[in-house]
Amino acid sequence: MNLMNNEKHYNTLNNYYKSTYNKKVFKVALNANFSCPNKQNGNTGCSYCSSNGSGDFAGDKNDDLITQFNKQKIMMHKKWPDAYYIPYLQANSNTYDTLENLKKVYEPLTNLENIVAISIATRPDCLEDDKIKYLGELNKRIKIQVELGLQTIFSVTSNKINRGHSLECFTDAVDKLRKEGIEVVVHIINGLPGETKEMMLETAKFLSKLDIQGVKIHMLHVMYHTKMGIEYLKKPFPLLTLEEYVDITVSQLRLFPKNFIIHRITGDAPRELLIEPKWTLKKLVVSNEIDKYMRKYNYYQGDLYQE
């Protein structure tokens, strides 16, 4: 699917949803109060991850999921009065429980009105075969989208940030999910400690060969109350400038095939938690700079893709 135009030289999620559903679709971020396999047995989890498990903007975990959904929906309708929804289980690892308990979380979401899919953020090391089989069955009733955090293909970086799973574990999970017809979206992080531009592009090249449907690109956020934040305050390490991030991200977009949907090209952390880089707080500026860069040089998603 090619949804690129004169303004956006890559396939944006917004254009994809409008083309598919002929209406605005927004994701409603929820917190089901799951934990994470990388935070067990004395492990502290990924060094960059906040106590909210990457769900800093999700609903209040003290509310049940239907209440969270309705509260968020009301807020979003102030901007988009007429829309469809995707309940987004965002915080922590949303397959890290027994299958019986997962069903108690997922099944009520399928009964929500005007939803077009359910999005589940998780890790590849808590996607056992019985869970994937169930997700495949659920996918026949309502579209299921699984988001996997890869971040980087390089083990030296993964070990440094305490990622806690192998590249083989990730690719195995992708293969099994796709055999069930489940849409897979992969997260990567630019600017991880010690990574060069070439390494970040190698991660993009690796993804370009996989049977995945979407990508989320993030800049590393160094935050207070994280292991990485503590380390950074003691001994700061180089972080990407806005200009470097734009250059690398555009290069990655050019390496992806034209049918990938780009779910995100930047992100932000809670202002009160962010140590650096402060330029990430201006998401619109970042995305506009990427657009301007691509238009200036007439670059398009996929123009460097090689099969």
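The values are calculated or read from the model by the stated rules, or taken from the named source; none is laboratory data. Only a predicted model underlies this, so the values are computations on that prediction, with no experimental measurement involved. Note that each Cβ is placed from the backbone with ideal geometry, even for glycine, and that neighbours are counted across all protein chains shown. Remember, those area values only see protein heavy atoms, side chains included, never the ligands or the DNA or RNA. Shrake-Rupley method; radii C 1.70, N 1.55, O 1.52, S 1.80 Å.
If you take Rg and Dmax of the Cα atoms in Å from the coordinates, which of [x] 19.7, 75; [y] 18.6, 53; [z] 18.8, 57 do you get?
Computed from the coordinates, Rg and Dmax of the Cα atoms in Å corresponds to [y].
Could you tell me the center-to-center distance, by alpha carbons, between region 250-292 and region 114-147 in angstrom?
After rounding, the separation between the Cα centres reads 26 Å.
If each residue of separation counts as 0.36 nm, what is the full-extension length gain between Glu243 and Asn14 once their alpha-carbon separation is subtracted? Spell out each step's value before the answer.
Values: separation 229, 0.36 × 229 = 82.44 nm, distance 2.46 nm.
Difference between extended and current length: 80.0 nm.
Let me check I've understood the local charge: for Ser166, count other residues with C-beta under 13 angstrom from its C-beta, Lys and Arg +1, Asp and Glu -1. What total comes out?
Details: positive: Arg123, Arg163; negative: Asp125, Glu168, Asp172.
Overall, the nearby charge balance is -1.
List the aspartates and glutamates whose Cα lies under 19 Å from the Cα of Lys71, skipping any in the same chain that are fewer than 8 positions away.
Counting by Cα, and skipping residues close in sequence, Lys71 has these aspartates and glutamates nearby: Asp56, Asp60, Asp63, Asp82, Glu113.
Using 0.36 nm per residue, how much length does the chain from Asn101 to Glu198 gain when fully extended, once their Cα-Cα distance is taken away?
Numbers: separation 97, 0.36 × 97 = 34.92 nm, distance 4.23 nm.
This chain segment gains 30.7 nm when fully extended.
Could you list, in their original order, any pairs among Lys8/Lys61; Lys8/Lys278; Lys27/Lys197; Lys73/Lys296; Lys131/Lys197 whose Cα atoms are separated by more than 27 Å?
Values: Lys8/Lys61 36 Å; Lys8/Lys278 25 Å; Lys27/Lys197 31 Å; Lys73/Lys296 38 Å; Lys131/Lys197 36 Å.
Pairs exceeding the cut-off: Lys8/Lys61; Lys27/Lys197; Lys73/Lys296; Lys131/Lys197.
If you take every residue apart from Val28 with its C-beta less than 11 Å away from the C-beta of Val28, what net charge results, scoring Lys and Arg +1 and Asp and Glu -1? The partial results should precede the final answer.
Working: positive: Lys27, Lys71, Lys73; negative: none.
Summing Lys and Arg as +1 and Asp and Glu as -1 gives +3.
Before rounding to the nearest 500, sum -39500 (n - 2.57) across all DSSP H runs of length at least 4 in the chain and divide by the residue total; then give [θ] at 222 nm in deg cm²/dmol. Intermediate values should be presented prior to the final figure.
On the way: 10 runs with 112 residues, N = 307.
Taking each H run of at least 4 residues, the total per residue is -11000 deg cm²/dmol.
Mind checking the dipole of the chain: about its Cα centre, +1 per Lys or Arg Cβ, -1 per Asp or Glu Cβ, Debye to the nearest 20?
Details: 41 positive and 36 negative charges, 151 e Å.
Here the chain has a charge dipole of around 720 debye.
Chymotrypsin sites (Phe, Trp or Tyr not before Pro), restricted to region 263-300: which are DSSP loop and have at most 13 other Cβ atoms within 10 Å? Intermediate results must be reported in sequence, preceding the final value.
Numbers: sites: Trp279, Tyr293, Tyr297, Tyr299, Tyr300; in loops: Tyr297, Tyr299, Tyr300.
Those that pass, being in a loop and sparsely packed, are Tyr297.
Please give the peptides 263-270, 106-113 ranked by average Cβ packing (other Cβ atoms within 10 Å per residue), highest first, as a rough proxy for protection.
Working: 263-270: 19.8, 106-113: 14.2.
Per-residue mean Cβ counts within 10 Å order the peptides as 263-270, 106-113.
Would you mind telling me the share, in percent, of accessible area of the chain contributed by carbon and sulfur at probe 1.4 angstrom?
Reported share for carbon and sulfur atoms: 49 percent.
Out of region 63-159, which trypsin sites (Lys or Arg not before Pro) are coil in DSSP terms and have no more than 12 other C-beta atoms within 10 Å? Can you show the working numbers first?
Working: sites: Lys71, Lys73, Lys78, Lys79, Lys103, Lys104, Lys131, Lys133, Lys140, Arg141, Lys143; in loops: Lys78, Lys79, Lys140, Arg141, Lys143.
Loop-located and lightly packed - Lys78, Lys79, Lys140, Arg141.
Net charge near Lys216: determine it from the other residues with C-beta under 9 Å of the C-beta of Lys216, scoring Lys and Arg +1 and Asp and Glu -1.
So the environment of Lys216 carries a net charge of 0.
Calculated FRET efficiency, Asp172 and Ser251, Cβ-Cβ r, R0 30 Å, to nearest 0.05?
On the way: r = 28 Å, r/R0 = 0.93.
So the FRET efficiency works out to roughly 0.60.
Name the residues whose placed amide hydrogens come within less than 5 Å of the amide hydrogen of Ile265, ignoring near sequence neighbours (fewer than 5 apart) on the same chain.
So Ile265 has HN proximity to Ile217.
Calculate the FRET efficiency for Leu210 and Glu137 from the Cβ-Cβ distance with a Förster distance of 35 Å, rounded to the nearest 0.05. Don't skip to the end; give the middle numbers.
Working: r = 24 Å, r/R0 = 0.68.
The calculated FRET efficiency here is 0.90.
Distance in nm between label sites at Thr110 and Gln40, each 7 Å beyond Cα in the beta-carbon direction?
2.6
Hey, can you rank 201-210, 88-97 by average C-beta count inside 10 Å, highest first?
Numbers: 201-210: 17.8, 88-97: 24.2.
Highest-to-lowest ranking by the protection proxy: 88-97, 201-210.
Show which aspartates and glutamates lie in cross-link reach of Lys282 when reach means a straight Cα distance below 13 angstrom and same-chain residues fewer than eight apart are skipped.
Within reach: Asp268.
Would you please state which residues of region 22-36 a label at Ile66 would reach in this model, taking the label point 7 Å out along Cα→Cβ and a backbone N cut-off of under 20 Å?
Answer for region 22-36: 28-34.
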